[in-house]
1. What are the ³J(HN,Hα) values, in whole Hz, obtained from phi via the Karplus relation 6.51 cos²θ - 1.76 cosθ + 1.60 with θ = phi - 60°, for each residue of the range 190-200 in sequence order, with x given for Gly and Pro?
2. Report, in whole Å, the centroid distance computed from the Cα atoms of the range 364-422 and the range 305-360.
3. Once you wrap a convex hull around the alpha carbon atoms of the range 9-152, what is its projected area averaged over all directions, in nm²?
4. Kindly put 171, 373 in sequence by how many other C-beta atoms sit within 10 Å of each C-beta, fewest to most.
5. What is the extension gain from residue 388 to residue 162, computed as 0.36 nm multiplied by their sequence separation minus the C-alpha to C-alpha distance, in nm to one decimal?
6. Top mean-square fluctuation among 77, 437, 321, Gaussian network model of the chain, C-alpha springs under 10 Å?
7. Give the Kirkwood hydrodynamic radius (Å, one decimal) of the range 233-286, defined as one over the mean of 1/r across all pairs of different Cα atoms.
8. With springs only between Cα atoms under 10 Å, which of 209, 191, 97 fluctuates most in a Gaussian network model of the chain?
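Here, each number is a calculation from the coordinates, and none is a lab measurement. This is a predicted model, so every value here is computed, not measured. Methodologically, a virtual Cβ is constructed for each residue, glycine included, from the backbone with ideal geometry; neighbour enumeration extends over all protein chains shown.
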Amino acid sequence: MKPSRFVPPTEVPGLAARRIAADILDGVLHKHRMLDDQLDGVGAHPGLKTLADRDRALMRRLVATILRRLGTLGHVLSRLLDRGIPNDAPRAQSALLIGAAQILWMDVPDHAAVDLSVRLVQADRRAAKYAGLVNAVLRRCAREGQPLIDEVKSQMLDLPPWLTARWIATYGEDAARAMAAAISVEPALDLTVKSDPDSWATRLHGEALATGTVRTLLHGSVTMLPGFNEGEWWVQDAAAAMPARLFGDIKDKTIVDLCAAPGGKTAQLVHAGARVTAVDRSPNRIARLRENLSRLSLEAGTAVADATEWQPPGELFDGVLIDAPCAATGTIRRHPDVAWLKQESDIGALAAVQKRLLQKAVTLLKPGGTLVYCTCSLEPEEGEQAVASVLAAESGLRRAPVGRDEVAGLDEILTPGGDIRTLPSHLAHGDSRLGGLDGFYAARLIKS
């Protein structure tokens, strides 16, 4: 009988994707590195260059699934482990999370999920002694995992407790549960198109939302989709696309976009005919904004500066857009690492920055000019309270309520005062993957 050829672990199909997933998970959970920083740009994992597109997509989905379900995974694994998750070998922890996520939520055969996780620990010197444990626990997970999930479905374990408590206090328990459920689902891809959303929805096998955004379930590299190279659209959540539209007709008007990178809102303003100056403090982010605008065949002036200290040359602006730095808790459905990287203590410091940005914006506006303030945060200190504070401090500023016709009749996203407040559970759909919005707040103010 001819002996089978030994296949080194690095050659096993799918193992490289899981090894990189383990590295990136370790970066988020133990080194507090943002997920996006590990996937793109100068800080990206070097192994990503060697992955085929299919493996790269698998790796991204695997990491996102684990971060979305981290609390539930912790509960399941703790019930299956007599002595808890080993804390002296991070690779063993990652292998258990990766294996269990595939078994419980992904379309991966159980035997493959178990085998690849075992190989993952076998290849690590500190974790190798746990190979038998990983094998046994994941086999039990395949048999017993689903009932363990059912035990805690009502407990909202997949959010940090401080955030759950905040959302219940702000929005009520029913709304908080609906938000948590929406966040647990991998979201669709949202695109802002230059024209004819219905046609692009057909070409991209998606649907055109009432707001004009095209939403599709296509996954993989966006650079391969029709229209990307031609600059016909850009990636932008449907909620994030709303604030720039609150300026109304801006043809030939001057607008400054503070904290502008990566440039989705800048692109909207330029495409609508405004003369735009985009300001951001990061040279790398401004470089990326320029690249994005170049692909879209759009032009804007740019400035690398701290927006709170920036002094523009020349006259004042017809409009100022502030997409302020914030805790970003409204983006957890697309950026699940945010839930585990942010702390409640971050909110106060960020609110102070937002206050300075609002004060600066007032000084940049012409009399009669429009200020649109927005954040991708669900925390009232960064939204409603920030605007209430600047209105109280600036007597020459007044709110201009947003009308339902400006948000395609979506009454659920309008506050009684006429601001926009979107929740992850808004825009419900029969297919949960096609529903939902990022959590956004936006207000429109006029300088008298």
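1. Residue by residue, the range 190-200 yields 9, 10, 9, 9, 5, 6, 6, x, 5, 5, 5 Hz.
2. 15
3. Values: hull surface 32.8 nm².
The Cα convex hull of the range 9-152, projected and averaged over all directions, gives 8.2 nm².
4. Ranking 171, 373 by Cβ neighbours within 10 Å, fewest first, gives 171, 373.
5. Working: separation 226, 0.36 × 226 = 81.36 nm, distance 2.44 nm.
Stretched fully, the residue 388-residue 162 segment lengthens by 78.9 nm.
6. Sorting by GNM fluctuation, first place goes to 77.
7. So the Kirkwood estimate lands at 11.4 Å.
8. With Cα springs under 10 Å in the chain, the top fluctuation among 209, 191, 97 is at 209.
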